[in-house]
1. Being assigned to a helix (DSSP H, G or I) and open to solvent by 10 Å² or more (accessible area, probe 1.4 Å) is the requirement here; does L569 meet it?
2. A460 passes all but one of (1) in contact (Cβ under 8 Å) with a residue 40 or more places away in the chain; (2) open to solvent by less than 40 Å² (accessible area, probe 1.4 Å); (3) in contact with a helix residue (DSSP H, G or I) (Cβ under 6 Å, 6 or more places away or on another chain); which number fails?
3. Check G576 against each of (1) in a helix (DSSP H, G or I); (2) of a type outside the set (S, T, N, Q); (3) out of contact with any Ser or Thr (no Cβ under 9 Å at 6 or more places or on another chain); (4) closer than 27 Å to V694 by Cβ and name the one condition it does not meet.
4. Take V735 and tell me if it is farther than 19 Å from M616 by Cα, among the aliphatic types (A, V, I, L, M) and modelled with pLDDT under 80.
5. Restricting to the stretch 472-518, name every residue that is of a type in the set (G, A, S) and in contact with a helix residue (DSSP H, G or I) (Cβ under 7 Å, 6 or more places away or on another chain).
6. Checking Y244 against (1) open to solvent by less than 10 Å² (accessible area, probe 1.4 Å); (2) farther than 15 Å from L315 by Cβ, which single condition isn't satisfied?
7. For residues in the stretch 497-555 being basic (K, R) and over 16 Å from L396 (Cβ atoms), which is least open to solvent (accessible area, probe 1.4 Å)?
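The values are calculated or read from the model by the stated rules, or taken from the named source; none is laboratory data. What you see is a predicted model; the values in this text were computed from it and never measured. With ideal geometry, Cβ positions are generated from the backbone for all residues, glycine too; neighbour counts draw on all protein chains shown. Note: areas computed on protein heavy atoms with side chains; ligands, DNA, RNA excluded. Shrake-Rupley method; radii C 1.70, N 1.55, O 1.52, S 1.80 Å.
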Amino acid sequence: MAAWARWCLRHRWAVVLLWVAALFGTVGASVVAGSAYSNVFSLPGTGSSAAYDRMSEAFPDRSGDVDTIVWQVDEGRSVHDPAVRERMSAALADISRMPDVGRVVGPYEPDGATQVSADGRIAYAQVTFIHQVYELDAHNTEKVIDRAEDARTDGLKVELGGQAIAFAQQPPTGLAEVVGFLAAGVILFFAFGSLFAMLLPLLNGVFAVGTGFAGIMLLSHVVDIPDVASLLGSLIGLGVAIDYALFIVTRHRNGLKAGLTPEEAAVRALDTSGRAVLFAGGTVCAALLSLFAVDIGFLNGIAIATTLIVLLSVLAAATLLPAVLGFLGPRTLSRRERRELAATIAAGEAPKPGDEEAGRRAVRWAGWIQRRPRLLGAVAVAVMAALTIPVFSLRLGANDQGNQPTSQTVRQAYDLLADGFGPGFNGPLLMVAELNGEGDRQALDTLVEDVRRTPGVVRAVEMPVPADLSGLAASTRVIEVVPTTSPQAEATDRLIDRLRDHTVPDAAEGTTLKVHIGGDTAVQKDFAAVIGDRLPAFIALIIGLGALLMLVAFRSLLVPLTSAVMNLLAAGASFGLLVMVFQWGWGMDLLGLGKEGPIVSFLPVIMLPLLFGLSMDYQVFLVSRMHEEWVHTRDNSRAVRTGQAATGRVINCAALIMIFVFSSFVLSGDREGMMAGLGLAGAVALDAFLLRMVLVPAVMHLFGSANWWLPKWLDRRLPHLAVDPPDKPVEPVRVPVGADR
């Protein structure tokens, strides 16, 4: 790393110009090419996937997303009033001719005669698109929304619900990133007291995330990448890019304060903290790439996109940052710090060695942990255990539109349907039947009657089809089943299981009839089941990978074991917080997050790699400094105390940046983004302030020199991966630094 740093310093102009070209080149290319995000969401082998495949082949114009237009008239009026009927019929006729719309069924035609509430004040129309929600053009969906809203008038309330409507009305992206970026700048300025030192991590974030974001757009033309990957990529990329630069800049400033020349300080910073950055970035990438093990195409694109941004964050920290440090010279120190250093050297005194971060408070805290490791360790474990308890109530599922804030049209449409027809109308099931023999028609009629008598079913109606169908369409029938409970209710999940396991097999026994249960509600249930089945192996994989990397890097058995346990504690507490807020509803009104519901199914497999990667970051920076001291002194108590004191302030500062960046995603307007942001912010706070600054050093004090023990036979067989520099740190050099430079 030292040789690499010197090369970047000598060729600083070339490095900076290459990064500028990369940023503006990729951004320009992405503007010209645009994006081609492909939100491919399939679960091969599940009943809902089989139902969708059959529908898309038999009825292409009915296999897409089904949304609703709901209207309500004032009390004393009816939706059948001539003025209301004329106004809404005209709107529905216009919508049926719009792009991406396959079919519109309203209450004023025979097929939709039942789509009026018992009191006659609420009615709805079903809009069936030709594609699933993630394959639709949002601009075409917005035209549907605009035409429906134009029908509103005094005494006539019109709202729209459904996945496509919600997707098209998502707020514009960028606000969360801007807020997080500004918050990071404020924290960095207070931490460094220098404008240039503050700008360096932000500069690293701009180049890494900007180039990565544009690169994701270009990659979407050749790889299936969902559009949510850009949100998640900026979420993780902005945090790690700033944090990685923060660690290196802090070490560089430490070198300057110790009397090193700017060039020597930059080389030393990259040869110490730079190694830790490379290793930490590698662990984050390994954790993110573990998403491929879940074997769901939707997640593979997210893994590629987020890994790209993390790689660029590491590359920028290892190349662009030392080059810019070469331009700035001593100006990464504040004017006051430069004057004090110049005065110290002018007086013939040696600059104070040691880490800049090791202030008096950090030293006192490290000493306090050393004196009371059992007490403080027990308190930390008790707090983390208490926060982890709610995880045992964790329920994966889908948040339906009843969870959205009441100001949104999708929430108002949801409430109108629930009031007029019951909550199950917001998530009907689709039973797709394949008729293969003479007795199948009779078996299907029997099945429909059995479903109607099934507890938890409001109605079961075979959807009408033209009489002149041929081929696959002629042998396919679709039954709409409306549950009595909402799409996210546990009772709805039990109903789907009952239909699949008992009702359908009993009716089809002795025939060739095949029936698949699909629809959005069934898809989300199947997805939650698949994730739940694969989650234990996935957790074992990413923990095992992290522990293996720590084993190779630090040549110790206890260090990787401690790291694995801490990662599990951090993840457990994070999801415990999510359960308390989003599932139990604690504080949701205060935060304006809508209504409580299950935790979104894909969130664990997205959050866990990020959590473990970020936890490994802090563990690597903390333990690498301890290990560096251990190698030179062979005194465990001093190594743990010095490592904690030396890295405490910078880890806390890095954690604060992450917390503000992640918390800002509450402003994204996306419920999944809100969950991920709050969960990650809570995890980082607990990880940095409680685990890394209390529990880890307490445990390492209790273990003593056993922390660094490794059997000789294993040491000989492991490859060597040096996180610490090969030689002792460069000794301070007394070089005058002008206060006015």
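1. yes
2. Only one criterion is unmet by A460, namely (1).
3. (3)
4. Yes; evaluated as a whole, the condition is true for this residue.
5. A473, S486, A507, A508, G518, listed by residue number.
6. Of the numbered conditions (1) open to solvent by less than 10 Å² (accessible area, probe 1.4 Å); (2) farther than 15 Å from L315 by Cβ, the odd one out for Y244 is (2).
7. Restricting to residues being basic (K, R) and over 16 Å from L396 (Cβ atoms), the top hit is R555.
The rows are residues; the columns are (1) more than 23 Å from L557 (Cα to Cα); (2) among the polar types (S, T, N, Q); (3) surrounded by fewer than 22 Cβ atoms within 10 Å (Cβ to Cβ); (4) in contact (Cβ under 8 Å) with a residue 40 or more places away in the chain.
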| position | (1), (2), (3), (4) |
| --- | --- |
| L603 | yes, no, yes, yes |
| M616 | no, no, no, yes |
| Q619 | no, yes, no, yes |
| M626 | no, no, no, yes |
| W630 | no, no, no, yes |
| R649 | yes, no, yes, yes |
